[in-house]
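The numbers here are math on the coordinates, done by the rules we state, and not lab data. These numbers come from a predicted model, not from an experiment. Backbone-built Cβ (ideal geometry, glycine too); neighbour counts: all protein chains shown.
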Amino acid sequence: MKKIYWLFVCAALLAACLLPVLAQEEPFVIEGSRLYDRMTRPYDQGYQPLVEGRTAHIVVPLLSDASVGDITATLVPADAAAFPASLDQPLSQVVARREEAVDGDKLSLYRVHFRLALYRDRMKGDYPFQVVVEGQDAAGKPLRQTFDGVLVVVDGQPNPEVPALALTDVAAESDLLVGEEGLLRLTVRNPSASQRLRGVKLRLVDDKGEILPRESDTLYVGELLPGEERALALPLRVVSTAAALPHAVALSWELGYGDAKAATGAERFTLAVHQEARLRYGEPVLPSSVMQGDIATFSMNVMNMGRGALHNVLLTFDLPGLSGGGSVLVGKVDPGESKQATANLRAAADALGAVEGRVQITYEDAYGKGYSQEVPLSISVEKKKVAVFEVPDANKKQDSMQLREIIAWSAGGALLLALLVQSILLRRRIRTLEEKGM
């Protein structure tokens, strides 16, 4: 029960602390439903400062429940150099709260009223300004609030400026992917100091027709005051056949200004189209075993299954006990292309048994983003077989040589003896034939 009580007390104290913050509002509010002196229409119906001859009247009727005492109002031109009134005249005033009788009602308000002397050679145009209001509340806490306005000059000299539209911060919200939807963000700004832009519209064009608007190809901006900027978003769609490369797109714009005048222009920007790198590889070919000191030949096909080229495709081997392979550079692999990587891996002389390792495939896409894949490898290193030759004994070799010499000499003697016998027989036959008188 005590826990519930203390929780209730804490919640009440927290609410008491946060309530003033949550209830805090702007200290000043423009009374926009009524007409006051030197006003042609109330704020709720599109108030514009009144220009009478060379005098411009800027009136700001303010209501405030927070302000106590007088306030200070200061006029601040958006572009001091282009402003059609001299800045040497008083642009700050102290305003007291007073009772105003308007349309039979009495209102307690601060009526700010600037009377500006305009230049004789002022130009037609729209000139933004701010009225900065400062005061304090009953506790002495300072109050400050800013109100925007535009001084419109229609009786001046022709304005020779031809305005243009400034496009900045043009970029995709996230990577544009092939076949996916995306969002193009940009900021448009009116850089003119005195020309209001009307009917502003943008159009996106990709020369290749691969980046398309998701809905309409035209983005309607509307009106931009001098110096005003606006953040925009254009939904996009990348076609499924788009190349994963930088695309040059054009943003063209049209606008109206002045007395029914028009201007057009265009700027080109680069949007990067990405696709997930899709490298696939075939089954690695490597002998199941290799002898110590011998070479095992490795081969494997790598294929690019994506729509963008793959660059710097490199195979790096990590097989303990096998050297000589190092790394193999395949290089660039175009979309749909297949290339074969080969390497000679020499088994170390002291390596033996099963070897487990890997080959790492690294590559980059068109934007230099790196990717990596690993493929396991295994091979068995077998012991080298050495041939054994018997070395004959030296004594046996000498005896053998002597025996061969004896045999050779005996054969030679027998041959000589046979020749001698043959010669004796031949002479006896010749002699016998001579005795017979033949």
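Excluding residue 117 itself, what net charge comes from residues whose Cβ is under 12 Å from its Cβ, given Lys and Arg +1 and Asp and Glu -1?
+2
Along Cα→Cβ, 7 Å out, is where each label goes; now give me the distance between the ones at residue 327 and residue 339 in nm to one decimal.
According to this spin-label approximation, the distance is 1.4 nm.
Taking neighbour counts of Cβ atoms within 10 Å as a proxy for exposure, in what order, fewest first, do 295, 71, 407 appear?
407, 295, 71
Take the alpha carbon atoms of segment 196-259, find their radius of gyration, then divide it by 2.2 N^0.38 Å using N residues; give the quotient.
The value comes to 1.34.
Specify which residue in the list 320, 348, 298 is farthest towards the positive end of the charge dipole of segment 279-382, using unit charges on the beta carbon of Lys, Arg (+1) and Asp, Glu (-1), about the Cα centre.
298
Can you give the log10 of the normalised intensity I(q)/I(0) at q = 0.14, 0.15 Å⁻¹, computed with Debye over equal Cα scatterers of segment 225-353?
These q points yield log10 I(q)/I(0) values of -0.80, -0.86.
First obtain the Kirkwood hydrodynamic radius of segment 306-387 from its Cα pairs, then insert it into the Stokes-Einstein equation at 25 °C and 0.890 mPa s, and state the resulting D in µm² per second as a whole number.
170 µm²/s
Would you compute the Debye intensity of segment 137-184 from its alpha-carbon atoms alone, equal scatterers and no solvent, and pass along log10 I(q)/I(0) at q = 0.13, 0.17, 0.25, 0.33 Å⁻¹ to two decimals?
Each listed q maps to, in turn, -0.77, -0.80, -1.06, -1.18.
Select from segment 73-129 those trypsin sites (Lys or Arg not before Pro) which occupy a DSSP coil region and have at most 14 other Cβ atoms within 10 Å, ordered by residue number.
120
Report the gain in length on full extension from residue 148 to residue 276: 0.36 nm times residue separation, minus Cα-Cα distance, nm rounded to one decimal.
Separation in residues times 0.36 nm, less the Cα-Cα distance, equals 41.2 nm.
Report relative contact order for the chain in percent, whole number only (criteria: Cα-Cα under 8 Å, sequence separation at least 6).
Reported relative contact order: 9 percent.
Assigning unit charges at the beta carbon (Lys, Arg +1; Asp, Glu -1) and nothing else, what dipole magnitude in debye, to the nearest 20, does the chain show about its Cα centre?
2460 debye
With r defined as the distance between the Cβ atoms of residue 79 and residue 375 and R0 fixed at 56 Å, what FRET efficiency is calculated, to the nearest 0.05?
It comes to 0.30.
Just to verify a number: FRET efficiency for residue 54 and residue 233, C-beta to C-beta distance, R0 = 51 Å, to 0.05?
Using R0 = 51 Å, I get an efficiency of 0.70.
Suppose every K and R has +1 on its Cβ and every D and E has -1 on its Cβ; what is the size of the dipole of segment 279-382 about the Cα centre, in Debye to the nearest 20?
Details: 7 positive and 11 negative charges, 70 e Å.
Dipole magnitude for segment 279-382 comes out near 340 debye.
Given the DSSP H assignment, sum -39500 (n - 2.57) over each helix run of at least 4 residues in the chain and divide by its residue total; what's the result at 222 nm in deg cm²/dmol, nearest 500? Mind showing how you got there, number by number?
Working: 2 runs with 63 residues, N = 438.
Helix-only estimate at 222 nm: -5000 deg cm²/dmol.
Could you compute the net charge surrounding residue 332? Neighbours are other residues with a C-beta less than 13 Å from the C-beta of residue 332; K and R count +1, D and E count -1.
Net local charge, residue 332 excluded: -3.
Enter the angle in degrees (range 0 to 90, nearest 10) between the Cα long axis of helix 2-22 and the first principal axis of the Cα atoms of the chain, meaning the one along which they spread out most.
Once rounded, the angle reads 70 degrees.
Rg to Rh ratio, the chain, alpha-carbon atoms and Kirkwood radius?
1.55
For segment 59-107, calculate the relative contact order in percent as a whole number, restricting contacts to Cα pairs under 8 Å that are 6 or more residues apart. Before the final figure, lay out the partial values.
Details: 31 pairs, mean separation 17.9, N = 49.
The normalised contact order for segment 59-107 reaches 37 percent.
Helix 394-435: angle to the longest alpha-carbon principal axis of the chain, degrees 0 to 90, nearest 10?
Here the helix axis deviates by roughly 40 degrees.
Hey, any idea what the orientation-averaged projected area of the convex hull of segment 40-161's Cα atoms comes to, in nm²?
Over all viewing directions, segment 40-161 projects a mean Cα-hull area of 8.6 nm².
Can you tell me the FRET efficiency between residue 105 and residue 168 if r is taken as the Cβ-Cβ distance and R0 is 60 Å, rounded to the nearest 0.05? Can you show the working numbers first?
On the way: r = 48 Å, r/R0 = 0.80.
In this case the efficiency is close to 0.80.
Expressed in nm to one decimal, what extension gain is obtained for the pair residue 243 and residue 289 from 0.36 nm per residue of sequence separation less their Cα-Cα distance?
Result for the pair: 12.1 nm of gain on full extension.
Rg to Rh ratio, segment 149-307, alpha-carbon atoms and Kirkwood radius?
On the way: Rg = 26.0 Å, Rh = 19.4 Å.
That ratio equals 1.34.
Multiply the residue separation of residue 410 and residue 181 by 0.36 nm, subtract the distance between their alpha-carbon atoms, and state the gained length in nm to one decimal.
71.7 nm
All other residues with a Cβ under 15 Å from the Cβ of residue 143 taken together, and with Lys, Arg as +1 and Asp, Glu as -1, what is their net charge? The partial results should precede the final answer.
Working: positive: 97, 141, 144; negative: 25, 26, 65, 70, 134, 137.
Every neighbour counted, the sum reads -3.
Which whole-number percent gives the relative contact order of segment 64-143, counting Cα pairs below 8 Å spaced six or more residues apart?
45 percent
Got a sec? Which residues in segment 62-76 would a label at residue 29 touch, if it sits 7 Å along Cα→Cβ and we count backbone N under 18 Å?
Counting only backbone N, you get 62-68.
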